[in-house]
Amino acid sequence: GLPRRSGVLFNAARAFLTGRTFEISGSTEHWAAMAVEDAAECLIRAATMPFAETTHALSAGYGGAFSVPSAVAAIAAHCGVAWHPPPGRPFVMDVRLFESQYGSLGTTFHERLREFVGVIRDELVVEASR
């Protein structure tokens, strides 16, 4: 997420918004992303609210299945580009325990991707006007 200006999601958005091609290379297994502000919100909740003791791991994140190809495909859709992802095995993180203790996040991964693309689109307009 921003303020990063590198990485697969940033480069995909920039490529799609500027009409360049984009391909994924390398491994895309077991991947999930989270906006920094949402991760901070999870940490604040965990630090300030009591938690019932458990022997289970507590995972925080967005609900649903994740993969690099599906995230890039969502970015392409937000950019109005038809892009077909290569096959990839999705990763699903079990966030039910976190949500039962601290509530769900007020946003989704796809909402954050849409916001991300919007900011990059706005920055490209500013760059073009210079």
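Throughout, read-outs are computed from the coordinates displayed, never taken from laboratory work. What you are looking at is a predicted structure, and each value in this text was computed from that prediction instead of being measured. Here the Cβ positions follow ideal geometry from the backbone for every residue, glycine too, while neighbour counts run over all protein chains shown.
Computed quantities for the displayed model
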| quantity | calculated |
| --- | --- |
| Mean Cα-pair separation over length for the chain, i.e. relative contact order, pairs under 8 Å, 6 or more apart, % | 32 percent |
| Highest average packing first - 67-73, 110-116, 4-10, Cβ atoms within 10 Å | 67-73, 110-116, 4-10 |
| The range 39-108 - percent relative contact order, Cα under 8 Å, separation 6 or more | 41 percent |
| Residue-by-residue Karplus 3J(HN,Hα) for the range 81-86, coefficients 6.51, -1.76, 1.60, Hz, glycine and proline x | 10, 7, 9, 9, x, x |
| Acute angle (nearest 10 degrees) that the helix 36-48 long axis makes with the longest principal axis of the chain, alpha-carbon atoms | 10 degrees |
| Residues Glu115 and Ala46, FRET efficiency given R0 of 30 Å [Cβ-Cβ distance, rounded to 0.05] | 0.80 |
| Distant-in-sequence amide H partners of Phe91 (H built 1.01 Å from N, under 5 Å) | Trp31, Phe66, Ser67 |
| Ratio Rg/Rh, restricted to the chain and using Cα atoms, in which Rh is the Kirkwood radius | 1.03 |
| Karplus-derived HN-Hα couplings along the range 17-24 (A = 6.51, B = -1.76, C = 1.60, θ = phi - 60°), whole Hz, x at Gly and Pro | 6, 9, x, 8, 7, 9, 10, 9 |
| Estimated inter-spin distance, Arg4 and Val36, nm [label 7 Å along Cα→Cβ] | 1.0 nm |
| Proximal charge balance of Gly118 [Cβ under 12 Å; K/R count +1, D/E count -1] | -1 |
